[in-house]
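A short worksheet on the structure shown next.
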Amino acid sequence: MHRRGPETGAFGRWLGEVGDELDRFVEFGHPDPGSSAPEWTAKLAGPVPRTGVGAERTVAELRELLVRNGSRISDPRFWGFVTTGPTTVPVVAQAAASIAGPQRYTINAFNFVEELSLDWLAEMFELPPAMKGVYVSGGSVGNLVALGGARQAALEEAGLDPAASGLDGRPTAVYTSTEAHHTVQRAAGVLGLGRSRVRLIAVDEHQRMLPDDLAGALSEDRQRGVLPVAVVAAAGTTNTGAIDPLRAVGEIARAHGAWFHIDGAYGLPGLLDDRIRDRYDGLELADSVIVDPHKWLCAPVGVAAVFVRDRSILHRAFTQEPADYLEGSFAKDEGMVSSLDSMGIPYGDLAVELSAPARGVQVWSIIRELGVSGIGARVMADNDLAARVTRAAEEHPRLESLIEPQLSVACIRYVPGADADLDQLNQVLLRRLIRETKFAPSATTVDGRFAIRACFINARTSAEQVDDFVAAVVALGDDETGEAARASAGSGR
Ligand SMILES: *Cc1c(COP(=O)(O)O)cnc(C)c1O
């Protein structure tokens, strides 16, 4: 009989072996793969193998060459950008879905939780009850899809179908703050609205959009015959976690007939921290909202949710062809016998992917594991870590904080006793931190000043690690500037 190799009967053992390796990996006791790159690249490189080495050896290489030389992004001391290592349960869910729920279509349990988990997210984040969602690969595509909805709404109002016929030369504009994520500009470029037609509105001293400046820009453009497509507010900027004044911005958008989009890719879960929930006041004015479960909810990368008031607008904006089967597809087929009797909800016509993984199962697994209260507790703990770093910096004579954290981002820098170019010095310190310690924050500028920026979203990070980080910044700063020598000379030793 012809044997089909390990295609049946081998998942258990190999997932177990790889799982054990991952359990060791997330301890991060191993060396940085950058230091040993010549060795493992030499083992991995080479021409395409003409004959296979077989399943057993391939899985061994996966464990020994790849996992052991994997990314520092999953390290609980990696605090750069807004990115993290996923927690355990959604990774297991993702592995399961790759076999048992390989697409978002047809009637099956994975397809069911695709929609259920979207509804749970909407409920958890208190979005207007009418809002429905679709999963996409990340915040970049999320902003693109939401702005595609906005473009459709604005131009339909003006008697055009932009998805079918383009913009027909209509001058349009999108409004967002100078602190907004640059994927807003890219989305405008892809949608034919134009990157340079994104008007950047100034921010206040807490990096929040200035509503009066927004109103001024909209009025000025209206007089010039420019069609306002969307106003994009951030519920948590990437640089500093700033939350725009959503109510004021949303009301201005409405008054000017512009779609109100809220980019909550990173910060929407902050709503679950009761101490700061009032900062989200006005959320219900949104026409669209995005959130990235692969950020603060700790799903594996590749999951963002886009919510809109009316999914049919996404269908008109992103359908592969004019089709009126959308509503029909939502109807329950009472006579259904086979899971292949229906495709289920046509997610493939609501955004830009046809084939796509079942992503809802990851979100379902996280919410099921922790509940709203457990997720809220994680969010609060992360906000506390940002506050902890900030207080430590404020109390130390040679550190300063550049922001009062609004969410889980802290921005600090080293300030020596003697005169120094602080931007230059802190750039050197950031490099040394990354190379010489296990800590990996990233950089930003706050009001033009260079900051060492730490964004806490990793569920494995501890308060001790955060304290050690502050001590490491001081130690490296003292070493770099000679403060250490001065201090010990001063103490007469
Ligand atoms: C991360 C981020 C994005 C982009 O999301 P990706 O998932 O990286 O594509 C957009 N907006 C904000 C506010 C973000 O923090």
Checklist entry - Do we find a residue being closer than 30 Å to residue 433 by Cβ and either within 16 Å of the ligand (Cβ to nearest atom) or within 19 Å of the chain's Cα centre (by Cα) (or both) anywhere in the range 31-51? => result no
Checklist outcome for this item: Going through the range 186-205 in order, the residues found to be within 11 Å of the ligand (Cβ to nearest atom) and open to solvent by less than 30 Å² (accessible area, probe 1.4 Å) are 187
Checklist entry - Take the residues of the range 157-185 that are open to solvent by 40 Å² or more (accessible area, probe 1.4 Å) and under 28 Å from residue 205 (Cβ atoms): which is nearest to the chain's Cα centre (by Cα)? => result 181
Checklist entry - Is there any pair with a first residue in the range 200-213 that is modelled with pLDDT under 95 and a second that is basic (Lys, Arg) whose Cβ atoms are under 8 Å apart and which are 6 or more apart or on different chains, and what are they? => result none
Next on the checklist: I need the full set of residues from the range 60-85 which are more than 17 Å from the chain's Cα centre (by Cα) and part of a helix (DSSP H, G or I), in order please.
Outcome noted: 60, 61, 62, 63, 64, 65, 66, 67, 68, 69, 72
Item to check | Unmet requirement for residue 9, which otherwise passes all of (1) assigned to a helix (DSSP H, G or I); (2) over 30 Å from the mean Cα position of the chain (by Cα) | outcome: (1)
Item to check | Residue satisfying all of: in the range 419-442; in contact (Cβ under 8 Å) with a residue 60 or more places away in the chain and open to solvent by 50 Å² or more (accessible area, probe 1.4 Å); farthest from residue 84 (Cα to Cα) among these | outcome: 420
Checklist outcome for this item: Conditions (1) assigned to a loop (DSSP other than H, G, I, E, B); (2) open to solvent by less than 30 Å² (accessible area, probe 1.4 Å) -> residue 106 fails only (2)
Checklist entry - residue 465 fails exactly one of the following numbered conditions: (1) of a type in the set (S, T, N, Q); (2) loosely packed, with under 14 Cβ neighbours inside 10 Å; (3) within 30 Å of residue 36 (Cβ to Cβ). What is the number of that condition? => result (2)
Checklist outcome for this item: Apart from one, (1) over 17 Å from residue 297 (Cα atoms); (2) touching a helix residue (DSSP H, G or I) at 6+ places or on another chain (Cβ under 8 Å); (3) open to solvent by 20 Å² or more (accessible area, probe 1.4 Å) all hold for residue 143; the odd one out is (3)
Checklist outcome for this item: (1) touching a strand residue (DSSP E or B) at 6+ places or on another chain (Cβ under 7 Å); (2) open to solvent by less than 20 Å² (accessible area, probe 1.4 Å); (3) in contact (Cβ under 8 Å) with a residue 40 or more places away in the chain; (4) polar (S, T, N, Q) all hold for residue 390 apart from (3)
Item to check | Scan of the range 36-59 for residues that are exposed (fewer than 10 other Cβ atoms within 10 Å of the Cβ) and assigned to a helix (DSSP H, G or I), ordered by number | outcome: 38, 42
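The values are calculated or read from the model by the stated rules, or taken from the named source; none is laboratory data. Keep in mind it's a predicted model, so treat the numbers as computed, not measured. All Cβ positions, even for glycine, are placed from backbone atoms using ideal geometry, and neighbour counts span all protein chains on display. Areas reflect the complete protein model, heavy atoms only, side chains present, ligands, DNA and RNA absent. Shrake-Rupley method; radii C 1.70, N 1.55, O 1.52, S 1.80 Å.
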